[in-house]
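The values are calculated or read from the model by the stated rules, or taken from the named source; none is laboratory data. Since this is a predicted model, take the numbers as computed values, not measurements. With ideal geometry, Cβ positions are generated from the backbone for all residues, glycine too; neighbour counts draw on all protein chains shown.
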Amino acid sequence: MSRRTERVGSLIRDILAELIQTRLNDPRIERLTSITRVDVAADFSVATVHVSVMATEARRKLTVQALQSASARLRSFMGEDLVLRKLPRLIFELDDSVRRGAEMVNTLEQLRAERGEPPDWESGDRDDPRDENTNPADGASAGAPRPPEPAPYAPEPASPQRSPEDE
């Protein structure tokens with residue numbers, strides 16, 4: 001994907017996320033629907049919108065169908081905020097990566113529990129404020145190097161303004 005198609009995809013993702021939450025009042029669309037990514041064709045004719053829906057399988061499919069049936073309306077709304085010579089046709093696809101990731105974490109936690117191991121957050125594998133290596137006096141971990149002292153304030157030299165067209 002070119003840099004321009006990535007930028008347009010990112011803009012479409014942001015615009016559609018807001019439109020779905022604010023302008024669509026379709027009861028078939030689950031509240032926990034998020035756009036994970038948008039892939040834009042090189043000729044800008046099609047944008048594939050990958051959505052994650054936290055619901056049952058039937059509700060996820062229904063949400064994607066509702067979004068697809070509203071695609072022409074969303075495309076029209078999108079044209080109010082996005083200026084392109086040709087607005088891409090929207091195709092909605094279900095993205096199960098978030099759901100699969102959550103299932104994987106649950107499976108790993110179940111395996112740890114079966115082995116009698118503490119959950120990840122108790123074993124110190126992650127930064128946890130309850131970690132026993134934390135010195136309550138200064139909030140730093142024992143044995144961890146201290147961060148450098150901040151430098152005295154000095155204003156940075158002014159840089160010229162850049163527009164998105166400069167990229």
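Does THR134 fit the bill of being at pLDDT 95 or above, surrounded by 14 or more Cβ atoms within 10 Å (Cβ to Cβ) and more than 19 Å from ASN25 (Cα to Cα)? No; evaluated as a whole, the condition is false for this residue.
The set of residues in the range 52-111 that are over 27 Å from THR5 (Cα atoms) and among the aliphatic types (A, V, I, L, M) comprises MET54, ALA55, ALA58, LEU62, ALA102, MET104, VAL105, LEU108, LEU111.
Scan the range 26-43 residue by residue and report those that are out of contact with any Gly (no Cβ under 8 Å at 6 or more places or on another chain) and either buried (at least 18 other Cβ atoms within 10 Å of the Cβ) or over 18 Å from LEU84 (Cβ atoms) (or both). Before you say what the answer is, go through the steps one by one.
Taking the range 26-43 and keeping what is out of contact with any Gly (no Cβ under 8 Å at 6 or more places or on another chain), we get 26-36, 41-43.
Matches in the range 26-43: ASP26, PRO27, ARG28, ILE29, GLU30, ARG31, LEU32, THR33, SER34, ILE35, THR36.
If you go through the range 60-90 and pick out every residue that is surrounded by 15 or more Cβ atoms within 10 Å (Cβ to Cβ) and within 23 Å of ARG28 (Cα to Cα), you end up with 14. How many residues does the range 13-29 contain that are over 18 Å from ALA72 (Cβ atoms) and assigned to a loop (DSSP other than H, G, I, E, B)? Looking only at that region, the number is 1.
Residues checked against (1) farther than 23 Å from SER97 by Cβ; (2) touching a His at 6+ places or on another chain (Cβ under 8 Å); (3) aromatic (Phe, Trp, Tyr):
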| residue | (1), (2), (3) |
| --- | --- |
| ARG4 | yes, no, no |
| THR33 | no, no, no |
| ASP39 | no, yes, no |
| LYS61 | no, no, no |
| GLN65 | no, no, no |
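Reported count of residues in the range 7-51, each being in contact (Cβ under 8 Å) with a residue 12 or more places away in the chain, out of contact with any Lys or Arg (no Cβ under 9 Å at 6 or more places or on another chain) and among the charged types (D, E, K, R), is 3. For the range 30-80, a residue qualifies if it is in a strand (DSSP E or B) and not hydrophobic (A, V, I, L, M, F, W, C), and the qualifying residues are THR33, SER34, THR36, ARG37, ASP39, THR48, HIS50, SER52.
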